[in-house]
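The values are calculated or read from the model by the stated rules, or taken from the named source; none is laboratory data. Please read all numbers here as calculations on a predicted model, not as lab measurements. Positions of Cβ are generated from backbone atoms using ideal geometry, with glycine treated the same way; all protein chains shown enter the neighbour counts. The accessibility values were calculated without ligands, DNA or RNA, using every heavy atom of the protein model including side chains. Shrake-Rupley method; radii C 1.70, N 1.55, O 1.52, S 1.80 Å.
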Amino acid sequence: MIHVFSIRFRIAAWYFLSAAPILIVLAVGSWFAMRASMYQGIDEELFRRTLGVEQFFQTRGDNSIPELQRELTNGPDLPLGGGLFQVFDAEGSLLFESPAIARHNASHPGRHSPGEKPVYRNSGPSGPRVRLGARSTAINGKVITIQVAEPLRSFDESLTDFAHVLYLAIPILLLAIAAAGFWLGGRAMAPVERIILEANAIGANNLTARISVPKPRDELRTLSETLNAMLERIESSVNRLGQFTADASHELRAPLTLIQTAAEYTLRRERSREEHLEALRKILYETKRTSALVDRLLELARADSGKSQLHLMPMDLAELLNEMAESGASLARKKQIQFTAHLDTVPVQILADDSSLREVFIILIDNAVKYTARKGSISLRLSMDAAFAMVEVADTGVGIVSDDLPRVFDRFWRADKVRSREMGGTGLGLSIAKWIVDQSGGVITVASEFGVGSNFTVKLPLLSQASRRN
Ligand code: ADP
């Protein structure tokens with residue numbers, strides 16, 4: 001169906017609209033050019049005829065006017081002026097008029113002197129139209145003006161015919177041009193329609209499908225590649241979402257199963273008060289863990305949807321780390337882990353969200369304690385360069401095998417699921433920490449050696465740098 005707003009239709013309309021004035025100007029121009037060239041031909045002929053009449057007068061220069069008049073009247077076959085001519089003397093009195101010209105409305109040519117350029121013009125509006133040529137010359141010292149004429153009927157007819165041809169040709173040409181535009185538009189739009197069809201066929205169930213890329217290196221190729229790149233991103237984010245949902249369900253199922261098992265086991269027969277309390281303690285522990293997991297899942301879901309935004313405010317990183325060091329030290333003490341802090345008391349101004357940044361260091365210190373054996377050690381260090389503050393949380397714990405390092409910040413990734421779960425881990429801590437650091441304009445990295453220890457570094461822009469960037 002032809003849609004009036006389709007690009008194809010619009011191309012045809014543009015062709016039509018831009019060709020129309022060009023063709024009209026060309027038509028009018030060619031009509032005038034044709035007329036000018038006709039007049040030029042007629043004028044040359046008229047000039048030739050004036051020469052013929054002049055020659056006649058030259059050869060009979062001595063004859064008296066009445067004699068000449070007689071000779072001219074009696075010699076209608078004389079090839080003079082094509083039968084349409086009249087001669088005037090210097091005063092403008094008519095010396096001779098051929099019988100044929102009397103029927104035409106050939107007015108007086110006006111005065112001009114010998115040597116002047118011949119004058120050509122058309123006869124007035126009344127009577128049969130003629131083109132007149134007048135030229136003055138001196139014969140035996142007497143000035144005469146010869147005026148010859150040529151009927152314009154056949155020329156006018158030719159011009160009218162030509163105009164008719166143009167009237168007919170212009171609309172036909174315009175229609176042909178519009179049709180060509182429509183056809184070309186269709187050809188140009190065909191790949192776009194194919195892209196539309198292919199894109200329409202891609203849905204949630206076949207996100208791996210791609211739009212075929214045309215061979216020519218043109219805009220349509222770029223468009224197909226851009227759409228494919230977009231599909232790539234959508235596919236990977238849908239996959240990630242699917243994976244996240246599957247992982248989240250899996251993680252939630254484990255504690256729920258434990259809660260259900262504990263309740264069913266206890267209810268199977270009469271239990272002592274002690275057994276009831278034990279079961280309730282188990283259920284409470286799992287409920288708390290599940291609740292913590294749900295909190296983290298919510299946090300990540302909000303982060304993904306863009307709803308969770310950090311409220312970045314100027315704050316003193318040194319002060320925050322000093323507080324963190326105190327709680328870290330007491331956490332480490334419970335496991336007999338030595339905790340050392342290398343912190344400055346000088347304020348270190350950064351732009352961050354206080355509670356979120358606190359969460360980052362809680363996650364890192366908590367992990368360091370969790371994955372470090374008794375008698376191990378943990379250090380918290382703050383350093384600075386011109387643009388960044390660096391916080392290192394290093395431990396002498398189990399470490400991470402180098403192959404696993406790139407996955408440490410992935411959601412739900414855990415080197416040892418069972419062990420992490422036993423310790424109350426969710427596998428989401430580091431991914432949340434990374435999101436917060438990224439949002440704060442910083443970078444979080446890890447260096448680790450299996451069996452030796454791990455070193456997590458958080459690099460945050462100093463306030464002066466952060467404000468300069470914003
Ligand atoms: P979890 O709740 O399991 O601790 P995280 O996202 O905080 O989840 O950490 C992901 C995994 O990274 C952990 O399960 C653990 O295998 C590894 N990991 C994190 N911190 C350390 C550390 N300091 N030392 C050794 N392994 C660590």
- C-alpha long axis of helix 219-267 to longest principal axis of the chain, angle in °: 20 degrees
- Task: Return one number: the angle in degrees, 0 to 90 and rounded to the nearest 10, between the long axis of the Cα atoms of helix 354-370 and the longest principal axis of the Cα atoms of the chain.
- Result: 50 degrees
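How much net charge surrounds Leu382 when only other residues with a Cβ under 13 Å from its Cβ are counted (Lys, Arg +1; Asp, Glu -1)?
Counting the neighbours of Leu382, the net charge comes to -4.
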- Item | With DNA, RNA and ligands ignored, accessible area of Asp247 (1.4 Å probe; Å², nearest 10) | 40 Å²
- Rounded to the nearest 5, the percent of antiparallel DSSP beta bridges in the chain equals 90 percent
- Message: Taking a ≥ b ≥ c as the square roots of the Cα gyration tensor eigenvalues, with a/c under 1.5 meaning rounded and otherwise prolate when a/b beats b/c, else oblate, which class fits the stretch 204-317?
- Response: oblate
- Task: May I ask you to give the percent of accessible area on the chain that is carbon plus sulfur, with a probe radius of 1.4 Å?
- Result: 59 percent
- Counted charge near Pro216, where neighbours are those whose Cβ lies closer than 15 Å (Asp, Glu -1; Lys, Arg +1): +2
- Message: Between 0 and 90 degrees, rounded to the nearest ten: what's the tilt of helix 65-74 against the longest Cα principal axis of the chain?
- Response: 70 degrees
- How about the stretch 222-311: which GluC sites (Glu not before Pro) there are in a DSSP loop, with at most 15 other Cβ atoms within 10 Å of their Cβ? Glu270
- Starting from the stretch 242-274, pick out the trypsin sites (Lys or Arg not before Pro) whose DSSP state is loop and whose Cβ has at most 11 other Cβ atoms within 10 Å. Arg268, Arg269
- What trypsin sites (Lys or Arg not before Pro) does the stretch 285-329 have in DSSP loop regions with at most 13 other beta carbons within 10 Å? Lys307
- So who's got an amide H within less than 5 Å of the one on Asn122, skipping anything under 5 residues away but keeping other chains? H placed 1.01 Å off N, in plane. Leu132
- Environment charge at Arg48 (Cβ cut-off 15 Å; Lys +1, Arg +1, Asp -1, Glu -1): -2
- Query: Quick one: accessible area per residue over the chain, 1.4 Å probe, rounded to a whole number of Å²?
  - Reply: 59 Å²
